[in-house]
Structure formats: C-alpha cells, structure tokens
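What follows is a short report on a single structure.
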Amino acid sequence: MYTSQPPVTAAAPRTATPPQLFVGSQRVLAAAWYFTLYTFSITLHLAFIVGARKLRGWKANFSFTLLLYLSTMALLYLTTHMIGSITALLYMDWFKYQILWILLGSFAYAAIFTVILTDVVIALHRLIYTVWPLIGSNRISVLATKVSIMMVEEVGFFVYWEFFPVHAQFGADVDIVIAESALMLFLDVLVLPYLVLNRNIHSELKRVLGLQKKNTSALLWLRTRVDVVTRAA
C-alpha cells in the first residue's frame, strides 16, 4: 500500500540532538565557571540598577533610562543562560522539553538584540549631548571620559571578535565557553564605567546598604566623645 509517509525506520528525526560537549567532571567544571560569571555579572548589574534607578528621566538624564533598560536586558540574558546551564547540568531530555529550549533561546536572543540596539541609541545620545554647544566645559569633560572608556572597551571587544575569532582552536567545547564568556563580559563593561565613575551611584548604593548611616553614627559618636573630653578638661 502506497503512502506519502516514509517508514518509521527511514523517517527523518524531528530535530537534531545537540552534541554532548561536556561530560562528567568537565560538565561540572564548565558549570562552576559559568556560575562564577553569573554571580559576578548579575551582582554588577543589580548594583547598577539599584544605584542608578533614581537618576533616570525622560528629559534629564535620559541616558540613565537607556542604561537601566540595557542592564535589565543583560539580566534577562544572564538569567536565561543560567537556567539553560542548570538544565544542561541536570541532563534534561532534549526532545521532552523542546518548548523550554525554544523559550530560553527566544528570550536570550531577544535580549542580546535589544542590548545592541539600545547601545547604539546610547552612543548617538551621548555624542549629541557631548557636542551640544550649550553644555558647560566641565560637564563635557566628565561625559567625554565616560563615553571614551565605554567606546574603548567596545572597540576592544570588536577587535577581539573580528580579528581573533575562536574557530576550533581549542576544541568545540572550550571555544563555546570562551565565546559565551566574552559575550557576558561585554554586557558587563557597558555599564562598568558608569558604576565606577559616577558619584551619585556610589552615594545611592551607600544609602541603600546603610553605609552612610553607619558613617554618620560614627561621626556623631566621635563628636560626642570630643565634647565630653572638652567639657571635662
């Protein structure tokens, strides 16, 4: 009897099973490395979001609005990547959880695409804002410093990706780890200059962590002791 469907033995598989690049202790080591990056990167972006959340605005400090959006997308990518690493570490069935892999891939690539688009908008916004003739010279120098650091970092990653590509140099497994680690570090350096150089972010982080209150209490205690000693003298 003729049928348009091939026999089961000759039928093509529904989808290709991804190769098992890490097995046994190698998988544990790769997961440990990834989770080290996750801890560092997620902590950095959360610190930036907490420190810069009050600096955002639509008319003033619009760049911080864009940076917060960029950092949120970076967190989305890191979270989906971390979930994917957990599923790989647990050897979850590839065919049984196809919808999960599709969702994780969609969220991850959407986040990366949005980060790139937002980064371009930030660069244009900073360029226009820096060369605007009505802005004071001191403010221009501060903005130019942050933008210059950000651009140097991005150019460095571009040169690395363009002229030093990782193509089967260390093996497929190590190549993937290097490529994905570079991408996660790239997301970090986009906000790192602002997190390091912006004093307003530092003040907000100190306030949230209670460091300013502790310092104030210490100063009050010291002044009280000085007054007591002075009166006793």
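Subtracting the Cα-Cα distance of Val159 and Phe62 from 0.36 nm times their residue separation leaves 32.0 nm of extension gain. Length gained on full extension, Lys206 to Ile86: 39.9 nm, using 0.36 nm per residue less the C-alpha separation. In the neighborhood of Ala74, defined by Cβ-to-Cβ distances under 12 Å, what is the net charge if each Lys or Arg adds +1 and each Asp or Glu adds -1? Here the count lands on -2. The Cβ shell under 10 Å around Lys54 holds other residues with a net charge of +2, Lys and Arg each +1, Asp and Glu each -1. As a proxy for reagent exposure, ranking Glu180, Glu153 by other Cβ atoms within 10 Å from fewest up yields Glu180, Glu153. Residue ranges 110-119, 71-80, 26-35 sort as 71-80, 110-119, 26-35 when ordered by packing (mean number of other C-beta atoms within 10 Å per residue, highest first). Listed from fewest to most Cβ neighbours within 10 Å, the set Leu55, Leu190 follows the order Leu55, Leu190.
All of the numbers you see were taken from the coordinates with simple rules; none came from a lab. Keep in mind that what you see is a predicted model, and the values were worked out from it rather than measured. Cβ sites come from the backbone with ideal geometry, for glycine too, and all protein chains shown count toward neighbours.
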